[in-house]
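Read-outs: derived from the displayed coordinates by stated rules, not from any lab. Because the structure is predicted, anything quoted here is derived from the model rather than measured. For neighbour counting, all protein chains shown are included, and Cβ atoms are generated from backbone atoms with ideal geometry for every residue, glycine included.
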Amino acid sequence: MISIPDAEPGHAYIVGAGPGDPALLTLRAAHLLKTADVLLPDDLVSDEILALASPTALVIPVGKRCGQPRITQEGIHALMLEHASAGSSVVRLKSGDPLVFGRAAEEIAFLRQHRIPFEIVPGITAAFAVAASLETPLTDRSRASKLILATAHHAAGKLSLTPSWSGSFPDEATLVIYMPGRDFETLAQDLISSGIAPSTPCTAVSRASTPQEHVHITTLDRLASADVGPAPVLLLVGPPIDPGLKRQT
Ligand SMILES: C[S@@+](CC[C@H](N)C(=O)[O-])C[C@H]1O[C@@H](n2cnc3c(N)ncnc32)[C@H](O)[C@@H]1O
């Protein structure tokens, strides 16, 4: 029997909700969800996961859709401070892992500055859910000694389609692109210009780990015409994917 402590009054928890499937939550995350007084979930956190919250919990969605902030980052900080100072336990719920493209640095700095005790609970990042769905290792002894997690989306709110490594793209690397945007033609051109072979396998996975998961397997030079599903989408550039994959659509 595992003993997992409840969410504590006056504490904040930055929690990874995983890629979407509630079964992929950690035991710690699920228990905090059940025992917290206040939940501040991002948009990508599924309803099935929120259904695990206590019926008495106050749930305040704090997602920012389509680049149009519904609530500012400062607004999220203010909510954490307000509720934790009032003695509530606060769970800040982020999709995937909270420390991967999740603006956690700002929240950690704020919590430290205001001396709010906090804990970070890791989650399964989208890249790992995608690799599992594709039955494809992200690293491989013979062809992929590096794993690069990149984003095409930058902090200033502008879309930069060139992932920012300096010089040419490293050999024997698997590249995972979070928040790839929708301009796949430019993205593919940029990646090819940075030295990645046009024939490199390229796989777009939409809504990984959910019943709506959609997989499209192509190559970099054909990415522009790819049938990429609805957001959220993750792009995997690099490892050859088994074309007989049973979940391919
Ligand atoms: C703001 S980032 C958050 C990443 C998250 N912290 C993680 O570790 O997965 C959002 C991006 O993650 C990717 N993503 C998150 N969940 C996904 C899913 N279920 N399927 C595909 N991509 C996903 C998409 O690229 C999406 O645009």
* **Charged-residue dipole, Cβ positions (Lys, Arg, Asp, Glu), the chain about Cα centre, Debye nearest 20** => 140 debye
* **Fluctuation leader among Q189, Q212, Q113 - the chain, Gaussian network, Cα springs under 10 angstrom** => Q113
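For the chain, give me the percentage of DSSP beta bridges that are antiparallel, rounded to the nearest 5 percent.
Details: 18 of 39 bridges.
Of the beta bridges lying entirely in the chain, close to 45 percent run antiparallel.
Which whole-number percent gives the relative contact order of segment 12-121, counting Cα pairs below 8 Å spaced six or more residues apart?
Answer for segment 12-121 is 42 percent.
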* Selection from P98, P19, I108 lying farthest towards where the dipole of the chain points positive, charges on Cβ -> I108
* Förster radius 30 Å - calculated FRET efficiency between L27 and E135, Cβ distance, rounded to 0.05 -> 0.75
* Between L99 and K34, how many nm apart are label points set 7 Å from Cα along the C-beta direction? -> 2.6 nm
